[in-house]
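Structure first, then comments.
The values are calculated or read from the model by the stated rules, or taken from the named source; none is laboratory data. Bear in mind that the values here come from a model prediction, so they are computed numbers and not experimental data. Note that we place each Cβ from the backbone using ideal geometry, even for glycine, and neighbour counts take in every protein chain shown. When the accessible area is computed, the model is the full protein with side chains, heavy atoms only, and any ligands, DNA or RNA have been set aside. Shrake-Rupley method; radii C 1.70, N 1.55, O 1.52, S 1.80 Å.
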Amino acid sequence: MIRAVTIGLLAIGSPSLAQNADDWNLRRDPNSELVVAYSAFDNGLAIGARCSQGTYQVAIAGLPETTEDTRTLRIGFAGETVEDQTWYVATDPGTAVSSYPAPFARKLREGGRIDVVVPGAGEGGRNLRYVLNLPVSSRAIDESLAACGRALVDPRDAELEGFEEDGLPAGIDWSIAPRPQFPAAALGNGFATLTCLTQPDGRLRDCVVEAEYPLRTGFGRAALRSMGRARLQNTDDPTRPTPVRMIGFILTFCIDGYCPGQRRELPTGSRLPVTSPDG
């Protein structure tokens, strides 16, 4: 659970914790297959990157609480213009979970300034801005990535720039949208983020689960299985080959017809597998 990530972020007295003023804090727990790299700040925020039993996550804790399933955070690195990102709200309503954790962690390891803007969370409904000075991480974040078999450098990250997190790039659309089966172990809403390579015939290959929440509920596996039947098409001319490129999108799993964004036009029914590639 992400609440456990928050505990890991703050567990300064843990005997399994290694601290280094020149790096992020690092917590290891071999018994639970847990590696957490984290950094806490005087303004109450804490950022953690963790590998837990093979699943990778990045979370920001200490945000103003929300009752929504998702929230928009505007984030910019190194003083660049902030850009909207969709984050999922954890069990702790003040903790947000990244939908692209490994690429985000690879940016975090570079250190330096990061701006986090929470729209409408300030006094009088103004935007609330946090300016953080991250330590460079030459070891701690690397260990968290390596523990989950995630690359320390991935050229695909550059292809993610400008992606719509919950959609597809211009010129490509679903001809047969993925419809995963709702996992039996899941008791509530969740999501899985996938990246895949397209093929000219509209099929997808080399799909990777970038993120899923909650953990160990099977959303990632269900999303991967659904890719076998999913098909894409060229929106300019469906008779022409689908452009070959990497894509990234989020599958949102919902119960009783409720999805983030109030998509109530979708079918309803107890534990019905309602998913949507466009959120």
Dipole magnitude (debye, nearest 20) for segment 83-139, charges at Cβ of Lys, Arg, Asp, Glu: 280 debye
With eigenvalues of the C-alpha gyration tensor scaled by 5 and rooted, segment 89-160, Å: 27, 15, 12
Positive-pole candidate from SER98, ALA186, SER144, dipole of segment 95-210, charges at beta carbon: SER144
Loop-located GluC sites (Glu not before Pro) in segment 41-110 whose Cβ has at most 16 other Cβ within 10 Å (DSSP): GLU65, GLU68, GLU80, GLU110
Debye log10 I(q)/I(0) at q = 0.15, 0.20 Å⁻¹ for segment 158-217, Cα point scatterers: -0.58, -0.97
For segment 64-121: relative contact order, % (alpha-carbon pairs under 8 angstrom, 6 or more apart): 41 percent
Radius 15 Å from Cβ of PRO243, net charge of other residues (Lys, Arg +1; Asp, Glu -1): 0
Estimated FRET transfer efficiency (ASP201, ALA151; beta-carbon r; R0 22 Å; 0.05): 0.20
Euclidean distance of C-alpha centroids, segment 28-65 and segment 72-144, integer Å: 13 Å
Probe 1.4 Å, accessible area per residue of segment 64-130, Å²: 45 Å²
Computed label-point distance, nm, for sites GLU123 and VAL244 using a 7 Å Cα→Cβ extension: 5.8 nm
Relative contact order [Cα under 8 Å, 6+ residues apart], segment 65-212, whole percent: 18 percent
Space enclosed by the convex hull of the alpha-carbon atoms of segment 100-241, per residue, Å³: 160 Å³
Point-charge dipole on Cβ atoms (K/R +1, D/E -1) for segment 40-190, about Cα centre, debye to 20: 360 debye
Spacing of the two label points (7 Å from each Cα toward its C-beta) at ARG74 and ARG179, in nm: 3.9 nm
Relative intensity, log₁₀ I(q)/I(0), of segment 45-166 from a Debye sum that treats every alpha carbon as a point, q = 0.09, 0.16, 0.17 Å⁻¹: -0.24, -0.79, -0.90
